[in-house]
Amino acid sequence: MCCNTFKFVPYFKENSTMRYDFNQIEKKWQDYWAKNETFKASNTSEKPKYYVLDMFPYPSGAGLHVGHPLGYIASDIYARYKRHKGFNVLHPQGYDSFGLPAEQYAIQTGQHPAVTTQTNIKTYRRQLDQIGFSFDWSREVRTSNPEYYKWTQWIFIQLFESWYNNDSNKAEDIKTLVKLFSLEGNTTVNAACDDNIESFTTEDWNGYSSEKQQEVLLKYRLTYLAETEVNWCPELGTVLANDEIVNGVSERGGYPVVRKKMTQWSMRISAYAERLLQGLDTIDWTDALKETQRNWIGKSVGATVSFNVNGHDENIDVFTTRPDTIFGVNFMTLAPEHELVSQLTTEAQKAEVEAYILKTAKRSERERMADVKTISGVFTGAYAEHPFSKEPVQIWIGDYVLASYGTGAVMAVPCGDQRDYDFANHFGIEIPNIFEGVDISEEAYGSKDNVKIANSDFLNGMNCKKASKRAIYELEKIGQGEGKTNYRLRDAVFSRQRYWGEPFPVYYVNGMPQMIAKAHLPIVLPEVEKYLPTEEGEPPLGRADVWAWDTESNAVVSNDKINNTTIHPLELNTMPGWAGSSWYFFRYMEDAMRDDTFASEDALNYWENVDLYIGGSEHATGHLLYSRFWVKLLKDRGFVNVEEPFKKLINQGMILGTSAFVYVLHLPFGFNFRDGKSKSTEEDKLAYSSFFEGNIYIPKTIYDNRKSLSKEEKGKLTSFIDELKDEFHSKNPNHVLVDQFDVFENFESNCNPIHVNVKFVNSSDELIIEDFKSSYGNNDAKILIENENYTVGREVEKMSKSKLNVVNPDDIVADYGADSLRLYEMFLGPLEQYKPWNTAGITGVHNFLKKLWKLYIGENGLNINAAEPTKDNLKTLHKTIKKVQEDIENFSFNTSVSTFMIAINELTAQKCTSKEILEPLLILMSPYAPHIAEELWSQLGNSDSISKASFPEFDASYLVESSKEYPISFNGKTRFTIELSLDLSKDDIEAAVLANEKTIAQLDGRSPKKVIVVPGKIVNIVG
RNA sequence: GCUGAAGUGGUGGAAUUGGUAGACACGUUGGACUUAAAAUCCAAUGUCCAUUAGGACGUACGGGUUCAAGUCCCGUCUUCAGUACCA
């Protein structure tokens, strides 16, 4: 190798003006679209509307990699297709620009998050623009802009001013609740509210101080302040939502999370549990996604049962899905944290119970979840009374019962629940059987099917369904229970102890939260010196000097003016990441960016909701659930007209990176120096370390066989090491290296794979050694080369910086063009699927575009004329129209790229020059490869953008065939084909096939038992 | 454990209602052009047997239904994703 300026040039640039100069063409048309506002949507149109939306990106500092645009390309194709089909399309884009990374960067560098966010957005915009998306940028949204978050704050106020009426099954103005209280007290009100609400009468209410009334109302509002046990992440200095925690550690950063009590804003999403569940049936989402949301909502139908405790006034309430098994109850278990535990425990058991509580409290939630095998618990010494049999029921505590679900207590039915069964077995509690003819000596019988209840008084002989109904009826009769539906869905904590988020429009008067009137919004994020929590543990906004609300001037004023009469402190928390993303799709509808409404009524009525939403499945339980919640609230309060935000939703799969590995052999000071002296000197060590600055790399083959190296491989390694020694010696004549130990001892642990940047690997998986060595830290690498090459290992992994497998779309666009990138991303495979990126494959679609170009533009210019199309030409065109249209409507974009290739291959072979064929073909391709389509379209003499052209009409008559190559099979195995007219009847076909000489030869004298003829399809001869 | 999705050549992936498995590409091999390389073009390419003609096998595995199964049914295994002492 002598050439050290080698660079991979994917395509030889001819010196002709007729070549496909994608860089020039793409720039030209991107400028044209921007200048002419080609994709600007109008809020008034005769055409039907269609709203195509991408989940907007968080502008991270790393910029886009090739995986990011996948969904955008798909939605862009669909948007462009819909325009060709005569729809008025809204296809906007924006940025989810509040968030943790910018804040953490700010903490590290002191750089204001607004500044880094601005920079990152610039990069994103440049990267997006060069891919040629048909976004209407005039409607761009940034969640961190005050003009935008003004409305996020406003929606928060609407939630505060709302309560959920379970009778009308919708949210209503809090004023209606106040009115109800003053007329009827709260006993007749059926509202979603906190659990621990005392009842009061009209007189009580009217006698309450205004502060007390505020306090009560807070328990009914759809967003409320509550002392909640939250997931506190000390490392991040903030609270995390359940869906921001993965396997007990924070989703971002992987830091530990602990439980902590804090006063926080919460969203009463649980009020909407049933509607969120029901709504799933009305929308066109994948089953997988709907199922995930159903699980998250976690509806279970059953009953609450109230047990009297012997010798106490207290009752213990439990929730069960199996009221039919009530007679199987012979003990109950409380969570260690249950509030009644200390009251109930007898003197005798006290020490043991307290020790147990202490022990479980020490274990983190995570440990408790991880360890499901160990059975532990302790008897409280107390007994409850069975509601029907009046038998005593032992009360235990055990950590298999979770305080956070249901009532934190269970009625144990050891014969019907495996956990209760195991618990009873472990502690020697009796296991009564209440199932007819079922053996429970080995395990509990958990199934509801094919079983009748026994030993259960009035339930005997009934099946589960009937028995459940009857049990609930009887419980209600004696006032010790009722039918109840439980949901797993918890209210969502809405406060974050962060800087870079929406400030709350809230100030506090004597500790009671007050909303700032709409007219004074937005409340703009204050400046702070540092983005860390304060020394007192307050959120970063605690560092702001100007962060108090003056109720007279209605302005944010300096903190030192706080007098608690007219000037009050403002809220120090900010809103979570999902606040801004829960309603942004409405803001895009507004074309004038009006300041007096989040979107005008006309705009909301016209665009309604998102017709097609494309994004990643990681938002299944976060963004997609919260958005649905907020939309329902806005609907209930009359601000929008739709119940669901996203009619159809597609999750694009992830594009994975193909990581490359090289294999390092560690020689941990494995050499002695022998230069006549007995000890090595500092000089020796320096010589050694400067020689071995780089790693030593061994071939993959040797690494793969590291457990049992062959003689040959050992020899190779030995001579490589000897070479290194010689080289060392020649560079350091005063020094000689000798082995300190046998390299082959513990060889396995002395070598391991490390990631190598995919930039240094060619399409044959060979390391480009020059490039690799010229990179930082590798110029002194010692590489054992086999057959003149070093082959890297490959593995498919998530694309990430740390895995050195990131492919930047900028490079792809520069080398192959945006149209190639768009086509290739689609060509890789089905949209929803996870698939690895392999840059080498892009030559396939790139060559296709060059072929396409050549079909239209010959050496002497345009190759197209008014020639009458041939039958074959028309057939190719129309079968392409049909297939592409079907594919786009089924979101099967990969197959339409193949269809284009087939069409161009066929038309090239047909030497087609007919404008009548080649012009409509461009429209078919323009959603996929818009730049080349625009260029050729204009070269054909069109003056308007191709995006304004209507989609070609499919005409089936061009595809009618007169004959068919029938596959002839014998016993289901195809042997040969015969061409027959499609006019033939079944009998004619049979006769023709049987008369054929190949058939006769195949039958070899046997007579067929049966002949199956499917006209137009196949002939099968049995016998 | 539960829920959902998926398993097809060396690779990415095609295959309407069951009807010629492997479309379209990548890669590989051979050839043409070239001083050479790149680019371009042509040919071959599921596996095995056979000089040819042709044959056998083949869609994770084991069964079944059918004239015919990648596709339908039963069972098993594997991978991925979500979720979990949820009472």
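Please work out if A:Ser266 is surrounded by fewer than 17 Cβ atoms within 10 Å (Cβ to Cβ), at pLDDT 90 or above, outside any helix (DSSP H, G or I) and not assigned by TED's automatic domain parsing to the domain that holds A:Leu541. Please lay out each step first, then the result.
On the way: surrounded by fewer than 17 Cβ atoms within 10 Å (Cβ to Cβ): no; at pLDDT 90 or above: yes; outside any helix (DSSP H, G or I): yes; not assigned by TED's automatic domain parsing to the domain that holds A:Leu541: yes.
Here the answer is no, as A:Ser266 does not meet what is asked.
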Only one of (1) within 22 Å of A:Lys879 (Cα to Cα); (2) more than 9 Å from RNA strand B (Cβ to nearest atom); (3) surrounded by 17 or more Cβ atoms within 10 Å (Cβ to Cβ) fails for A:Ser945. Which number is that?
-> (1)
How about region A:737-796: which of its residues are within 16 Å of RNA strand B (Cβ to nearest atom) and part of a loop (DSSP other than H, G, I, E, B)?
-> A:Asn762, A:Ser763, A:Ser764, A:Asp765, A:Ile768, A:Asn787, A:Glu788, A:Tyr790, A:Val792
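Can you tell me which of A:Thr123, A:Thr188 is more than 30 Å from A:Leu823 (Cα to Cα) and among the hydroxyl-bearing types (Ser, Thr, Tyr)?
None of the others qualify; the one that does is A:Thr188.
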Which condition number in (1) at pLDDT 95 or above; (2) within 19 Å of the chain's Cα centre (by Cα) is the one that A:His619 fails?
-> (1)
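Quick grid of which residues meet (1) assigned to a loop (DSSP other than H, G, I, E, B); (2) at pLDDT below 90; (3) touching a helix residue (DSSP H, G or I) at 6+ places or on another chain (Cβ under 6 Å):
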| residue | (1), (2), (3) |
| --- | --- |
| A:Val393 | no, no, no |
| A:Ile440 | yes, yes, no |
| A:Tyr445 | yes, yes, no |
| A:Glu476 | no, no, no |
| A:Trp500 | yes, no, yes |
What number goes with the only condition from (1) at pLDDT 95 or above; (2) surrounded by 22 or more Cβ atoms within 10 Å (Cβ to Cβ) that A:Lys122 does not pass?
-> (2)
If we ask which residues in region A:902-926 are surrounded by fewer than 19 Cβ atoms within 10 Å (Cβ to Cβ) and within 15 Å of RNA strand B (Cβ to nearest atom), their number turns out to be 7
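So which residues in region A:884-901 are of a type in the set (Gly, Ala, Ser) and crowded, with 23+ Cβ neighbours inside 10 Å, if there are any at all?
Initially, region A:884-901 is screened for residues of a type in the set (Gly, Ala, Ser), giving A:892, A:896, A:898.
Of everything in region A:884-901, just one residue is of a type in the set (Gly, Ala, Ser) and crowded, with 23+ Cβ neighbours inside 10 Å, namely A:Ser896.
Take A:Thr899 and tell me if it is farther than 28 Å from A:Lys1017 by Cβ, within 13 Å of RNA strand B (Cβ to nearest atom) and not in a loop (DSSP other than H, G, I, E, B). Please lay out each step first, then the result.
On the way: farther than 28 Å from A:Lys1017 by Cβ: no; within 13 Å of RNA strand B (Cβ to nearest atom): yes; not in a loop (DSSP other than H, G, I, E, B): yes.
Here the answer is no, as A:Thr899 does not meet what is asked.
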Region A:994-1016 - residue that is under 23 Å from A:Val960 (Cβ atoms) and touching a residue at least 24 places away in the same chain (Cβ under 8 Å) and, of those, farthest from RNA strand B (Cβ to nearest atom) = A:Pro1015
Which pairs have Cβ atoms under 6 Å, sit 6 or more apart or on different chains, and link a residue in region A:537-563 that is at positive phi to one that is not basic (Lys, Arg)?
-> A:Asn554/A:His520
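Restricting to region A:312-340, what's the tally of residues that are of a type in the set (A, V, I, L, M, F, W, C), in contact with a helix residue (DSSP H, G or I) (Cβ under 8 Å, 6 or more places away or on another chain) and either part of a strand (DSSP E or B) or at pLDDT below 90 (or both)?
Here is the first cut: in region A:312-340, the ones of a type in the set (A, V, I, L, M, F, W, C) are A:316, A:318-319, A:326-327, A:329, A:331-332, A:334-335, A:340.
Checking the rest, the ones that are also in contact with a helix residue (DSSP H, G or I) (Cβ under 8 Å, 6 or more places away or on another chain) come to A:326-327, A:331, A:334.
Cutting the leftovers down to either part of a strand (DSSP E or B) or at pLDDT below 90 (or both) gives us A:331, A:334.
Result for region A:312-340: 2.
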Please go through region A:391-432 and pick out each residue that is surrounded by fewer than 16 Cβ atoms within 10 Å (Cβ to Cβ) and within 7 Å of RNA strand B (Cβ to nearest atom).
-> A:Leu402, A:Ser404, A:Tyr405
Please determine, by comparing only the residues of region A:964-990 that are exposed (fewer than 14 other Cβ atoms within 10 Å of the Cβ) and part of a helix (DSSP H, G or I), which one is nearest to RNA strand B (Cβ to nearest atom).
-> A:Lys986
Here the qualifying pairs (Cβ atoms under 9 Å; residues six or more apart or on different chains; first in region A:293-306 and in contact (Cβ under 8 Å) with a residue 24 or more places away in the chain and more than 6 Å from RNA strand B (Cβ to nearest atom); second hydrophobic (A, V, I, L, M, F, W, C) and in a loop (DSSP other than H, G, I, E, B)) come out as A:Gln293/A:Trp285; A:Gln293/A:Ala620; A:Trp296/A:Leu489; A:Trp296/A:Ala620; A:Ile297/A:Leu489; A:Lys299/A:Leu489; A:Val305/A:Val329
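Can you tell me which residue in region A:466-490 is surrounded by the fewest Cβ atoms within 10 Å (Cβ to Cβ), limited to those that are among the hydroxyl-bearing types (Ser, Thr, Tyr) and within 14 Å of RNA strand B (Cβ to nearest atom)?
Initial filter on region A:466-490 (among the hydroxyl-bearing types (Ser, Thr, Tyr)): A:468, A:473, A:485, A:487.
Within this subset, residues satisfying the condition of being within 14 Å of RNA strand B (Cβ to nearest atom) are A:468, A:485, A:487.
Values: A:Ser468: 25, A:Thr485: 13, A:Tyr487: 17.
Looking at the filtered set, the residue picked out is A:Thr485.
The values are calculated or read from the model by the stated rules, or taken from the named source; none is laboratory data. Quick caveat, the model's predicted, so the values are computed rather than measured. With ideal geometry, Cβ positions are generated from the backbone for all residues, glycine too; neighbour counts draw on all protein chains shown.
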